[in-house]
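Structure, as structure tokens:
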Amino acid sequence: VNHSEAIDFIEVGDKVLIDNALLELEVIDKEDDFVVLKALGDGKIQNNKTINVPGVDLKLDFISEADKNDIAFAARNACDYLALSFVNNRFDVIAARKIIKEAGGDARIISKIESRMGIENIDEIIKASDGIMVARGDLGVEVPMEKLPMLQKSIIRKCREKGKFAIVATEMLASMYENPRPSRAEVSDVANAVLDGTDCVMLSGETTIGKYPVQSVEIMSKVCKYVESTIDYTKHVSYKGIIGVSDTIAKLVVDAVEYSDIKLIVTTTMTGFTARKISNLRPNAIILACCPSSHIAEKVVLNFGVKPIITDIYEDTDEMIESAREIAKSEFNLDDGDLIVVTGGFPLGKARRTNYLRIVEI
């Protein structure tokens with residue numbers, strides 16, 4: 001195993017689960033530098049699979065020396081997102097963010113919630129992170145499986161309240177490892193994640209070792225698009241976290257979409273800030289984020305409803321509005337007379353908050 005020191009905290013009688021609990025073993029003997037395990041069922045142990053010891057704190061360092069080097073390498077090479085496994089508290093996130101900053105990067109941090117401690121400290125982890133992944137494989141081993149669905153819903157709700165994006169992952173279409181079509185239960189699982197309000201759903205083994213990777217993506221996309229088309233998101237929005245000018249304008253944008261038949265939201269952004277604010281309120285319209293570079297565009301691609309596009313840096317609002325009209329026609333097939341809402345912070349690159357909103361006729 002990667003962390004041989006974990007043996008110090010394992011005792012006779014402990015259960016050891018391998019590969020998301022596909023194989024269960026029991027510790028029947030322990031010596032100074034090894035333990036003897038008895039398999040409690042049939043199974044095949046493969047390389048590089050997870051090992052869990054439920055209920056036991058193995059007291060491992062969150063970031064090893066190898067991890068530090070990997071994080072720094074990713075940061076130096078303009079990594080957009082960094083997913084941290086088994087985040088237990090905000091200090092884990094802070095430590096990783098420090099390494100990223102020292103390496104000259106600005107990667108957004110996704111904290112994977114996979115442990116009891118992560119659940120206990122979920123509020124502080126969400127606050128310290130840019131996004132949260134509900135990693136149901138290991139989490140479903142660490143906590144009773146019957147609690148997992150409600151934990152998923154709770155974590156997504158908390159992310160929405162704090163303005164952070166949420167990802168639901170693990171075994172979403174697991175039967176497609178071997179089969180060309182998913183089970184009906186899996187389709188319902190994907191649909192319910194969308195109904196819960198997640199920003200993203202993620203495939204893993206289905207597209208890495210599964211036999212039908214392309215079909216898996218196509219089916220998941222098809223389910224998501226249909227379910228989203230049935231939802232009136234204005235009935236699911238919470239304005240609990242509305243504070244300040246930027247939040248107020250984001251709410252006004254959503255209200256404009258609801259009451260003025262707005263076809264498209266156009267925002268200019270140097271950081272992705274405005275697009276993320278609006279996304280969190282789930283407007284019933286696509287958010288077109290006009291970004292000056294692909295690096296900034298990648299910073300909003302995981303937020304719900306945001307479609308980034310690379311554009312020039314606009315000198316003034318008139319130039320931006322004219323460009324928004326052209327993009328709305330060419331990219332979204334809008335017609336003369338259709339309405340769009342244009343918002344952002346001006347002057348670009350200098351404004352410290354979202355401060356502009358205008359409804360424009362095509």
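Odds and ends about this structure:
- Here D189 clears all of (1) in a helix (DSSP H, G or I); (2) at positive phi except the condition numbered (2).
- In the range 44-100, the residues that are over 22 Å from M202 (Cα atoms), acidic (D, E) and in contact (Cβ under 8 Å) with a residue 12 or more places away in the chain: D57, D92
- Any hit, the range 89-99, residues being among the acidic types (D, E) and exposed (fewer than 12 other Cβ atoms within 10 Å of the Cβ): no
- Hits in the range 169-196 - residues which are without any contact (Cβ under 8 Å) to a residue 40 or more places away in the chain, over 19 Å from E228 (Cβ atoms) and of a type in the set (S, T, Y): S175, Y177, S183
- Among (1) of a type in the set (D, E); (2) part of a loop (DSSP other than H, G, I, E, B); (3) more than 13 Å from E142 (Cβ to Cβ) - the single one D57 does not satisfy: (3)
Residues checked against (1) touching a helix residue (DSSP H, G or I) at 6+ places or on another chain (Cβ under 9 Å); (2) acidic (D, E):
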position	(1), (2)
V27	no, no
N52	yes, no
D61	yes, yes
R76	no, no
A83	no, no
R90	yes, no
K101	yes, no
S111	yes, no
I119	yes, no
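- G337 satisfies every condition listed in (1) of a type in the set (G, A, S); (2) part of a loop (DSSP other than H, G, I, E, B); (3) within 28 Å of R160 (Cβ to Cβ) except (3).
- One residue stands out in the range 106-153 among those that are of a type in the set (D, E, K, R) and not in a helix (DSSP H, G or I): the one that is nearest to A21 (Cα to Cα), namely E114.
- Consider the range 41-59 and keep the residues that are within 28 Å of T208 (Cβ to Cβ) and surrounded by 13 or more Cβ atoms within 10 Å (Cβ to Cβ). The one that is modelled with the lowest pLDDT is L58.
- Residue check, G163 modelled with pLDDT under 95, assigned by TED's automatic domain parsing to the domain that holds K153, surrounded by fewer than 21 Cβ atoms within 10 Å (Cβ to Cβ) and closer than 16 Å to I132 by Cα: yes
- The set of residues in the range 251-285 being aliphatic (A, V, I, L, M) and surrounded by 20 or more Cβ atoms within 10 Å (Cβ to Cβ) consists of V253, V254, A256, V257, I262, L264, I265, V266, A275, I278, L281, A285.
- Subset of the range 301-325 (residues that are over 30 Å from K225 (Cα atoms) and either of a type in the set (S, T, N, Q) or modelled with pLDDT of 90 or more (or both)): T317
The values are calculated or read from the model by the stated rules, or taken from the named source; none is laboratory data. Note that the structure is a prediction, hence the values are computed from the model and not measured. Virtual Cβ from ideal backbone geometry, glycine too; neighbours counted across all protein chains shown.
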